[in-house]
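In what follows, a single structure is set out as structure tokens and then discussed.
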């Protein structure tokens, strides 16, 4: 059985983690966003914002982690696995800050393809900054545009998740996924 890998992406503060947590509470396998783990580990090592101070190093760590998650998804025992962000997100954020990245970043996106990708639009009513999220709402809009471009560049047709409650947004995603 081929396990379908389903990405849930979007700019900061769009509700991705809330949806992932809701899907987990319903018994679905979900692989968490790893950028917060990398940020917190860097802080333990004395670097406040690794993405801002060393964006390529941060992105290399993120790329490796997301590749590992891609392979981890293949070892699960459900017919589909949800991932909080995908490999193209790494390129989108690098494009957002205007930094270049080596060819292996592009090759990774070409080699690891997801079966379906959902995107959450910026939603000001739920947007909140925190200690790991340095972006403001206007920056979240810019990041959203870069995410659209990055995923479309690799042939994805992103599915918009409508604004609604976490439960209804999760239902929307599940209804699409169950009809794959």
*Output yes when any residue across region 95-115 is modelled with pLDDT of 95 or more and touching a strand residue (DSSP E or B) at 6+ places or on another chain (Cβ under 8 Å), and no when none is.*
yes
_Considering only residues that are assigned to a strand (DSSP E or B) and either free of Cβ contacts under 8 Å to residues at least 40 places away in the same chain or touching a helix residue (DSSP H, G or I) at 6+ places or on another chain (Cβ under 8 Å) (or both), which ones fall in region 133-180?_
159, 161
_Among the residues in region 14-23, are any surrounded by 14 or more Cβ atoms within 10 Å (Cβ to Cβ), in contact with a helix residue (DSSP H, G or I) (Cβ under 8 Å, 6 or more places away or on another chain) and at pLDDT below 85?_
no
*Given 81, 128, which one is closer than 19 Å to residue 33 by Cβ, in a loop (DSSP other than H, G, I, E, B) and either touching a strand residue (DSSP E or B) at 6+ places or on another chain (Cβ under 9 Å) or at pLDDT below 95 (or both)?*
128
_Tally, over region 106-125, of residues that are closer than 28 Å to residue 138 by Cα and without any contact (Cβ under 8 Å) to a residue 60 or more places away in the chain_ = 4
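Of everything in region 15-33 that's in a loop (DSSP other than H, G, I, E, B) and out of contact with any strand residue (DSSP E or B) (no Cβ under 9 Å at 6 or more places or on another chain), which residue is farthest from residue 162 (Cα to Cα)?
27
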*Would you check if there is a residue in region 84-93 being touching a residue at least 12 places away in the same chain (Cβ under 8 Å), on the phi < 0 side of the Ramachandran plot, part of a helix (DSSP H, G or I) and surrounded by fewer than 16 Cβ atoms within 10 Å (Cβ to Cβ)?*
no
_For region 22-52, give me each residue that is over 14 Å from the mean Cα position of the chain (by Cα) and under 24 Å from residue 80 (Cα atoms)._
22, 23, 24, 25, 26, 27, 28, 29
*Does residue 105 satisfy the condition of being in a strand (DSSP E or B), surrounded by 15 or more Cβ atoms within 10 Å (Cβ to Cβ) and in contact with a helix residue (DSSP H, G or I) (Cβ under 8 Å, 6 or more places away or on another chain)?*
no
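The values are calculated or read from the model by the stated rules, or taken from the named source; none is laboratory data. Note that this is a predicted model, so its numbers are computed, not measured. Virtual Cβ from ideal backbone geometry, glycine too; neighbours counted across all protein chains shown.
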